[in-house]
Amino acid sequence: MAYEKSCGSVLYRIHDELRILVIKQARNGNWSFPKGHVENNETEEQTAIREVLEEVGINITPMNGFREVIRYSPKAGTEKDVVYFVSNPALQRVKLQRSEVSDYKWLRPQEALKTLTFHNDREVLKKALEFLRENNKI
């Protein structure tokens, strides 16, 4: 069985209210979070930082204490893990990598839950929100 691994982050901001960044993948139209494949000898955190910067142009620092893994089979004979972190970037101006991402939205949590394409991503967002509440971040 082949194995793939990607890493990314749930990005959030608070100005007047809590917002979550969701992106629309250019190749299939799915709404998700910024993420991508581990390259060379990168750590999970390094991959998440690089992929978020590449896809949406935002520098992040993953928060300590949150690491959520989704495992699924993207195609027959392949198993994939996606590792997500949580980040609250200082600057939230988005610059899309158009070859990978066709659109983005900063949404309220309930809107984000409705917009995300996959159940697994919705579960990650619920766990991220719980983590943020428990740690007095929101």
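The values are calculated or read from the model by the stated rules, or taken from the named source; none is laboratory data. Computed from a predicted model, the values in this text were never measured in an experiment. Heads up, the Cβs are rebuilt from the backbone with ideal geometry, glycines too, and the neighbour counts pull from every protein chain shown. We work out accessible area using only protein heavy atoms, side chains counted, and drop any ligands, DNA or RNA first. Shrake-Rupley method; radii C 1.70, N 1.55, O 1.52, S 1.80 Å.
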**Prompt:** Which residue out of GLU130, GLU51, GLU68, GLU55 is of a type in the set (Asp, Glu) and open to solvent by 50 Å² or more (accessible area, probe 1.4 Å)?
**Reply:** GLU130
**Asked** Out of curiosity, is TYR84 within 25 Å of PRO109 (Cβ to Cβ) and open to solvent by 70 Å² or more (accessible area, probe 1.4 Å)?
**Response** no
**Complete:** Those residues of region 106-127 that are open to solvent by 60 Å² or more (accessible area, probe 1.4 Å), in contact with a helix residue (DSSP H, G or I) (Cβ under 7 Å, 6 or more places away or on another chain) and in contact (Cβ under 8 Å) with a residue 40 or more places away in the chain come to a total of 0
**Message:** Kindly evaluate SER73 against the criterion of being touching a strand residue (DSSP E or B) at 6+ places or on another chain (Cβ under 7 Å) and either small (Gly, Ala, Ser) or under 17 Å from SER6 (Cβ atoms) (or both).
**Reply:** yes
**Message:** I need the full set of residues from region 31-48 which are more than 15 Å from LEU125 (Cα to Cα) and open to solvent by 30 Å² or more (accessible area, probe 1.4 Å), in order please.
**Reply:** HIS37, VAL38, GLU39, ASN40, ASN41, GLU42, THR43, GLU44, GLU45, GLN46
**Prompt:** Within region 68-86, can one find any residue that is of a type in the set (A, V, I, L, M, F, W, C), over 22 Å from HIS119 (Cα atoms) and at pLDDT 95 or above?
**Reply:** no
